[in-house]
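Peer 1: Before I ask anything, let me first share the structure, which is written out below as structure tokens.
No lab work stands behind these numbers, since they all come straight from the coordinates. Quantities reported herein were computed from a predicted structural model and do not represent experimental measurements. Cβ placement follows ideal geometry from the backbone for every residue including glycine, while neighbour counts extend to all protein chains displayed.
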Amino acid sequence: MSKSNYNISMTKKILLTAFEPFAGRKKNPALEVMAGLKPGTFTGCRLFREKLPVSGREVGPALNRLLLKIKPDYLVSLGLAAGEAALRVERFGLNILDYGIKDNKGWLPGGKKIKADGPAAYFVNTDPLELAAAARKAGVPAYVSNHAGAYVCNTLIYEAMHAIAESGFNTKFAFIHLPLTTEMAVLEKPGRALPPSLPLAALVKAVEAAIKEIK
């Protein structure tokens, strides 16, 4: 086997996803962090970066297409949790659609299941404690969350683990909720309490550290 073929066959594939802006904001820190993670960041790995829709009906099929096309070894998804003061590494996704606000397609489900015959919840197949510890070691506050909410981020977690379980993929999956960036927080409307935030550069560094901790 030639050296070039050997390198291709041994390269791990990382699929990194981030949600588009939603809830009236023009930016999403998930997209900005994803853009800050360059293809050469992870030695021995090939990085794929994809934007996902904030749509409960579309996010599952969109992710499934990416999994079938890329067949990643690692899937890391980023989302926004405005109001958080730290990175939040999610532990599981619930089989529930109970949105507090409409998604970007105007859909507002109230208590439906994601999968009618699916399990009540899926645990992610990575170790959130290790990822959160890696982010803290990089100098950014982070903790493990037992509740990703019931909005599209939770839908994605459930759909991702359902696809992995049903398809037999060996993909390792992690979901990380991000606070607002400080750069975004200063643009919030004056005269209102500003939400917690962290600098974009710090979030990029923390997510990079967390991804490198996945086994």
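Peer 1: Highest mean first, what order results for 200-211, 132-143, 154-165 on Cβ atoms within 10 Å? Please report the intermediate quantities before stating the final value.
Peer 2: Details: 200-211: 21.7, 132-143: 19.2, 154-165: 23.3.
Result, highest mean Cβ count within 10 Å first: 154-165, 200-211, 132-143.
Peer 1: Further question: Please list, in chain and number order, the residues 5+ apart from TYR99 or on another chain whose amide H is under 5 Å from its amide H, with Hs placed from the backbone.
Peer 2: Amide H neighbours of TYR99, under 5 Å, 5+ apart: GLY111.
Peer 1: On each of the three principal axes of the Cα atoms of the stretch 3-213, give max minus min coordinate, whole Å, ordered largest first.
Peer 2: 61, 42, 28
Peer 1: Which whole-Hz ³J(HN,Hα) couplings does the stretch 71-81 yield from phi under the Karplus relation 6.51 cos²θ - 1.76 cosθ + 1.60, θ = phi - 60°, glycine and proline marked x?
Peer 2: Calculated HN-Hα couplings, in order: 6, x, 7, 10, 10, 10, 10, 10, x, 9, 10 Hz.
Peer 1: Multiply the residue gap between ILE70 and LYS38 by 0.36 nm, knock off their C-alpha separation, and tell me the result in nm, one decimal place.
Peer 2: Working: separation 32, 0.36 × 32 = 11.52 nm, distance 1.79 nm.
Using 0.36 nm per residue and subtracting the Cα-Cα distance, I get 9.7 nm.
Peer 1: Among ASN64, ALA81, ILE96, which residue has its Cα positioned farthest towards the positive end of the charge dipole of the stretch 47-105, with +1 placed on the Cβ of Lys and Arg, -1 on the Cβ of Asp and Glu, and the dipole taken about the Cα centre?
Peer 2: Going by the charge dipole, the pick is ASN64.
Peer 1: Please state the charge dipole magnitude for the chain, taken about the Cα centre, from unit charges on C-beta atoms (+1 on K and R, -1 on D and E), reported in debye and rounded to the nearest 20.
Peer 2: That gives a dipole near 460 debye.
Peer 1: In addition: Once you put a point 7 Å from the Cα of ALA120 and another 7 Å from the Cα of HIS147, both along the Cβ direction, what distance in nm separates them?
Peer 2: Here the modelled spin labels are 1.5 nm apart.
Peer 1: Classify the stretch 27-78 from the C-alpha gyration tensor, please: rounded if a/c falls under 1.5, else prolate or oblate depending on whether a/b exceeds b/c. Kindly include the intermediate steps, with their values, before the conclusion.
Peer 2: Values: a/c = 3.15, a/b = 1.25, b/c = 2.52.
Here the stretch 27-78 falls in the oblate category.
Peer 1: Run lengths n ≥ 4 of DSSP H only: what is the helix-derived mean residue ellipticity at 222 nm for the chain, with -39500 (n - 2.57) per run over all residues, to the nearest 500? It would help to have the intermediate numbers written out before the result.
Peer 2: Values: 7 runs with 72 residues, N = 215.
Value at 222 nm, helices only: -10000 deg cm²/dmol.
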